[in-house]
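The values are calculated or read from the model by the stated rules, or taken from the named source; none is laboratory data. These numbers were taken from a predicted model, which means no experiment stands behind them. No Cβ is skipped: glycine too gets one built from the backbone with ideal geometry, and neighbour counts run over all protein chains shown. Only protein heavy atoms, including side chains, enter the accessible area calculation; ligands, DNA and RNA are left aside. Shrake-Rupley method; radii C 1.70, N 1.55, O 1.52, S 1.80 Å.
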Amino acid sequence: MSHLSTLQSSSDFLSTTTIIALTIFFSLLCACIIIGHLLEENRWANESITALLLGLCAGAVVLLASKGNSSKILVFSEDLFFLYLLPPIIFNAGFQVKKKQFFKNFTIILMFGIFGTVISFCLISVGAFLLFNRIGVTSLNTQDYLAVGAILSATDTVCTLQVLSQDETPFLYSVIFGEGVVNDATSIVLFNAVQSLDFNNIDAMISLKLLGIFLYLFFTSTILGVVAGLLSAFIIKTLYFGRHSTDREVALMMIMAYLSYMLAELLNLSGILTVFFCGILMSHYTWHNVTQSSRITTKHAFATMSFIAETFIFLYVGMDALDIDKWKASSASAGTFIAVSSTLFALVLVGRAAFVFPLANFINCIRRRDGSNIAFRKQFIMWWAGLMRGAVTIALSYNQFSNSDDKDTQDSALMITSTIIVVLFSTVVFGSITKPLIEAVLLRHAKPNVSDATDIPSLDDLRIMFIENGEPSDRGENQQAAAGPRRSSLRLLLTHPTWTVHYLWRKFDDRFMRPVFGGRGFVPFVPGSPTGASDEASRT
């Protein structure tokens, strides 16, 4: 008895409720993995939809078990989402992304992710301001309307990763996914900028202040991610040169990636942008500085952590959607719920269409090379796949409306629940239809005229053109020879901007960056290996 009482007292510090909640969640995670494996070839389902529906079913069971009192077994926490679940997803996305395809479409990604998000933000904010008063939502202020625009402009990057294939549709994947990452970062930056502005004294300079805050946060976050990635490459290349340890290398890469995200949040920057570009730089430099076993370990470890975090998020959202306390907090009628949710979703549709089609056609006007235009079918898929909203939207909605001491509690609860309805509907409906829609709309057998393989001869041609234009002529026309390369380089940059920038970057990378930070072509020295043994023998 005394031994049993000792065990009982030693386990008092553990919360039984937390243990039960985690047990349920890990059981549901196992079920999601098994069901997702069984439905892997299914056109209509994916892991995110499976996890969401399973979370809804589990929430309904808990709600029935508690006799309608509560379905909460874990409270939705912004800290849990932004600090623990989101970083591994975004980092792995940057780490695994095909950089050549990503930077080839970098201009389109930036236009959609920045300018497109700002257009959507403005339209949704103005639309909410004009329509909500007619519905009966009257307690929101200017900051709330701008926050709604930022909240609903955030696309669901996680679901986009699962409904698009990087191999089957490389252009769509790189553009939609890249735009989704930049879009999420832009939405959060806009949201934080809205929170930091004083709307009691509104003047004509407020839009310029908003733009200045946005540009500062965007570029400083990106620079911090680049610096963190280069620092990790330099440390591993110098510290472990000649003495490698897989455990230390993997641990250092994980910790430095997470540290970059924490530093960005500590400095009130965009952690999403920082950790994404940190992942890109680590895959370009750091990953090549470690041993083969470390490369295999990091690749699968990052992918596994990202997969578990993605599934956990959708389970979390599904169970939290049936939180009866939020629904009771708002005394709005069913008609008001439907009206507000329909209005928000209509604004999402219009806001995305307002920038996808105009910007795509503007890009088509600029790029007149054969085969480089964005066809209307692809524009439609880009519009459709970006309509899904996810956990970022819910987290920002909680941040804005959950702690609403100075607002109407009923309207705040109405906004949270309506946002959840939009997230559930867009994820289940649009997420399930996207794969079949791609197969129906896009002609898979019609391969693009310009493939990745054609980039290499083009780069060689550019190299030859640079060399020929850079060499002085035999006629002694030194002045013309000196001026010729400048005109030719500029002309090449204007006619082939992507190829020219790629060529110049590769030249700079090979000459200056890789000797310092390592990267492709760098073979780490491992004592005891055949290469290491031969090197040691040659030295003696």
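Listed values, structure above:
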item: Some residue of the range 56-63 being modelled with pLDDT under 80, in a loop (DSSP other than H, G, I, E, B) and not acidic (D, E); result: no
item: Hey, I151 over 21 Å from A264 (Cα atoms), of a type in the set (A, V, I, L, M) and part of a helix (DSSP H, G or I) or not; result: no
item: Total residues in the range 3-35, condition modelled with pLDDT of 80 or more and surrounded by 15 or more Cβ atoms within 10 Å (Cβ to Cβ); result: 8
item: Options L424, L387: the member that is part of a loop (DSSP other than H, G, I, E, B), modelled with pLDDT of 85 or more and at negative phi; result: L387
item: Residues satisfying the stated conditions in the range 272-299, i.e. among the small types (G, A, S) and at pLDDT below 90; result: S293, S294
item: Qualifying residue in the range 187-210 (condition: of a type in the set (S, T, N, Q) and open to solvent by less than 10 Å² (accessible area, probe 1.4 Å)); result: yes
item: Residue match in the range 286-296 (condition: in contact with a Phe, Trp or Tyr (Cβ under 6 Å, 6 or more places away or on another chain), crowded, with 16+ Cβ neighbours inside 10 Å, closer than 25 Å to S221 by Cβ and β-branched (V, I, T)); result: no
item: Condition check for L281: surrounded by 24 or more Cβ atoms within 10 Å (Cβ to Cβ), more than 15 Å from the chain's Cα centre (by Cα) and of a type in the set (A, V, I, L, M, F, W, C); result: yes
item: Selection status of L347, at pLDDT 85 or above, surrounded by 15 or more Cβ atoms within 10 Å (Cβ to Cβ) and in a loop (DSSP other than H, G, I, E, B); result: no
item: Cross-chain or 6+ apart pairs with Cβ under 9 Å, the range 500-525 first and open to solvent by 100 Å² or more (accessible area, probe 1.4 Å), then at pLDDT 80 or above and assigned to a helix (DSSP H, G or I); result: W505/F103; R520/H284; R520/H288; R520/R514; V523/H288
item: Condition check for D320: in contact (Cβ under 8 Å) with a residue 12 or more places away in the chain and either among the hydrophobic types (A, V, I, L, M, F, W, C) or open to solvent by less than 20 Å² (accessible area, probe 1.4 Å) (or both); result: yes
item: Among (1) buried (at least 21 other Cβ atoms within 10 Å of the Cβ); (2) at pLDDT below 85; (3) closer than 28 Å to L110 by Cα, the one test that R369 misses; result: (1)
item: Every residue from the range 163-180 that is surrounded by 24 or more Cβ atoms within 10 Å (Cβ to Cβ) and touching a Phe, Trp or Tyr at 6+ places or on another chain (Cβ under 8 Å); result: S174, V175, G178, E179
item: Candidates I135, I119, filtered to the one that is within 23 Å of S342 (Cβ to Cβ), modelled with pLDDT under 85 and either more than 19 Å from the chain's Cα centre (by Cα) or buried (at least 17 other Cβ atoms within 10 Å of the Cβ) (or both); result: I135
item: Condition check for I176: assigned to a helix (DSSP H, G or I) and closer than 18 Å to Q101 by Cα; result: yes
item: Residue match in the range 394-415 (condition: open to solvent by 30 Å² or more (accessible area, probe 1.4 Å), under 27 Å from L164 (Cα atoms) and at pLDDT 85 or above); result: no
item: Residue pairs meeting the criteria (Cβ under 9 Å; at least 6 apart or on separate chains; first farther than 17 Å from I89 by Cα, in the range 167-193; second among the acidic types (D, E) and open to solvent by 10 Å² or more (accessible area, probe 1.4 Å)); result: P170/D452
item: Residue selected from the range 26-53 under the condition hydrophobic (A, V, I, L, M, F, W, C) and more than 24 Å from the chain's Cα centre (by Cα), by the criterion farthest from W327 (Cα to Cα); result: L38
item: Residue count, the range 331-345 (criterion: out of contact with any helix residue (DSSP H, G or I) (no Cβ under 8 Å at 6 or more places or on another chain) and under 20 Å from F121 (Cα atoms)); result: 1
item: In the range 361-390, residue farthest from T419 (Cα to Cα) [restricted to those that are among the small types (G, A, S) and in contact (Cβ under 8 Å) with a residue 60 or more places away in the chain]; result: G371
